[in-house]
1. With the condition kept exactly as written, say whether any residue in the range 219-237 is closer than 16 Å to S36 by Cα, of a type outside the set (K, R), free of Cβ contacts under 8 Å to residues at least 60 places away in the same chain and out of contact with any His (no Cβ under 8 Å at 6 or more places or on another chain).
2. Whether any residue in the range 121-134 is open to solvent by less than 20 Å² (accessible area, probe 1.4 Å) and of a type in the set (S, T, N, Q) is what I want to check.
3. How many of the residues in the range 212-239 are assigned to a helix (DSSP H, G or I), aromatic (F, W, Y) and modelled with pLDDT of 95 or more?
4. Here is a list: Y376, Y371, Y407, Y415. Which entry is of a type in the set (F, W, Y) and touching a residue at least 60 places away in the same chain (Cβ under 8 Å)?
5. Residues in the range 372-385: is at least one over 26 Å from the mean Cα position of the chain (by Cα) and surrounded by 15 or more Cβ atoms within 10 Å (Cβ to Cβ)?
6. Are there any pairs with C-beta distances below 7 angstrom linking a residue in the range 287-306 that is among the polar types (S, T, N, Q) to a residue that is in a helix (DSSP H, G or I) and open to solvent by 20 Å² or more (accessible area, probe 1.4 Å), with the two at least 6 apart or on different chains, and if so which?
7. Working only within the range 56-79, note down all residues that are more than 17 Å from A98 (Cα to Cα) and modelled with pLDDT under 80.
8. Do you know which of the residues in the range 193-207 that are modelled with pLDDT of 75 or more, open to solvent by 30 Å² or more (accessible area, probe 1.4 Å) and not polar (S, T, N, Q) is nearest to V235 (Cα to Cα)?
Amino acid sequence: MKKIKNVLLVQMTTSKWYANKKNYKLTRIPPIGILSISSYLRMNGFPNTRVIDFSANRSENSVTYTRDTYRDIIVKNDIDVVGISVYAESYRHALELAKFTSEINPKIKILVGGAFATFTADEFLGNEYIDFAVIGEGEVTMLELMLHFNYPDQFPLAAIKGLAFKNEQGKVQINPRRNPIKNLDVLPLYDRAQDNSDYYEPSINSSRGCPGNCIYCSSRAMWGKKYRRRSSESVFSEIYYLHKKHGEISKLNFAEDTFTASPARVRAICRMIKAAGIKLKFWCESRVDVLTKDLLKEMQEAGLLSVQIGIESGVQEIIDSINKNITLEKVEQVLQWIKELGIYRVHCGFMIGHPLDTHETVQRTIDFANYIQKEYGASVEVGINTPFPGTFEFDHADELGLKIHTYDWNQYVLYQGIMDTKHLTRDDLHRYVLKFREKNRPVQTT
């Protein structure tokens, strides 16, 4: 029997929102999830693993993937396994890709993974072209599945944690979840020698999960209840590697939910950067509750260019109702510190359509977003609350008074409503967002 050895991991596109090339230039973050899995497989006996990213297909500097180029990759590399990382809005396209892959070679094993596939494995496996779904963290599960293909007696499917598949009776079997990897330092640095590597901005993922427990977010359900982080030494070693490769780094992305969840670790990383004389500019996501002026100053001295914080509402009662655990008072305090320090940019995210939102609270949120934009120079964005699978909102929609109108996952984007709340219709929410974006549309210059 032929040994399975050639693996192709595919990142599906993220959103129509980035279809405009002008917008997409801001989103050059590599598909770190499947790149990490690729590196792990390569390290553990499957060196013929490669990654392609359809999300980068829209850039003038990227490889252009067509049906023909994709077919050529499958055929020329004698691909045995195709793993597809899927977002909600790319669900239909993922199924189309699975079907096309099977038409190229029906012997190819096809699997899906990522946060969305984790919570919709049943639905994916209802499709005749999908053979497996990886649930949760993918590195070890993917490796054991590969070992199963070559050594089925030693690695039976039923024993692989974090895997969903169709059993011999044709029924979907979902195995128990795999325990999260405790020490992230043991994972190899993700393989940057992939297609479009020159196109991506240097990016690092230094943690998994989030200490928060917001009802609209699936991070905990995906990564586990405990926030896990790489050591400061491990993170600095990757920064040092990038410095040696690129010299001065004009924009380093910490591509993770909450880079600053451990202030002590952030301080240690910043001090190593400064001690080594490395010049870089970086941006990250944070929560306002962990930020202090001293921490921001230390980050700025190490190269902090921009920070993104989720505020979600301009009404404290709404913030409390979604388990955000921040205060508007602290939000303004942090924004004032950022302004005083002269940090280049702070981006603040808001959502409307929380379960207890009313017309009044939505307007207050929009007013607050406009206020911090004017008062503190913040960059602001307002989206529509969307109950993605894996969130508390999705699982408890009825008791929260949410009426979900569609389970067409391609419509699950943050700029068009897919549900009514107790007080607002999805059309109401859509109108509010359109009005806000029209008012805040950048002025076109020639």
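The values are calculated or read from the model by the stated rules, or taken from the named source; none is laboratory data. Bear in mind that the values here come from a model prediction, so they are computed numbers and not experimental data. Positions of Cβ are backbone-derived with ideal geometry, glycine not excepted, and every protein chain shown enters the neighbour counts. Heads up: the accessible areas ignore ligands, DNA and RNA and are worked out on the full protein's heavy atoms, side chains in. Shrake-Rupley method; radii C 1.70, N 1.55, O 1.52, S 1.80 Å.
1. There is at least one residue in the range 219-237 that is closer than 16 Å to S36 by Cα, of a type outside the set (K, R), free of Cβ contacts under 8 Å to residues at least 60 places away in the same chain and out of contact with any His (no Cβ under 8 Å at 6 or more places or on another chain).
2. no
3. Residues of the range 212-239 that are assigned to a helix (DSSP H, G or I), as a first pass: 219-223, 232-239.
Next, from what is left, pick out any that are aromatic (F, W, Y): 223, 236.
Now drop any that are not modelled with pLDDT of 95 or more, which leaves 236.
So the count comes out to 1.
4. On the way: Y376 fails: touching a residue at least 60 places away in the same chain (Cβ under 8 Å); Y371 fails: touching a residue at least 60 places away in the same chain (Cβ under 8 Å); Y407 fails: touching a residue at least 60 places away in the same chain (Cβ under 8 Å).
None of the others qualify; the one that does is Y415.
5. The answer is yes; a qualifying residue exists.
6. Q300/L341
7. If the condition is that a residue be more than 17 Å from A98 (Cα to Cα) and modelled with pLDDT under 80, then A56, N57, R58, S59, E60, N61, S62, V63, T64 are the ones that fit.
8. Looking only at the range 193-207, we keep the residues that are modelled with pLDDT of 75 or more, and these are 200-207.
Going one step further and asking which of them are open to solvent by 30 Å² or more (accessible area, probe 1.4 Å), we end up with 200-201, 205.
Still in the running and not polar (S, T, N, Q): 200-201.
Details: Y200: 19, E201: 17 Å.
The qualifying residue nearest to V235 (Cα to Cα) is E201.
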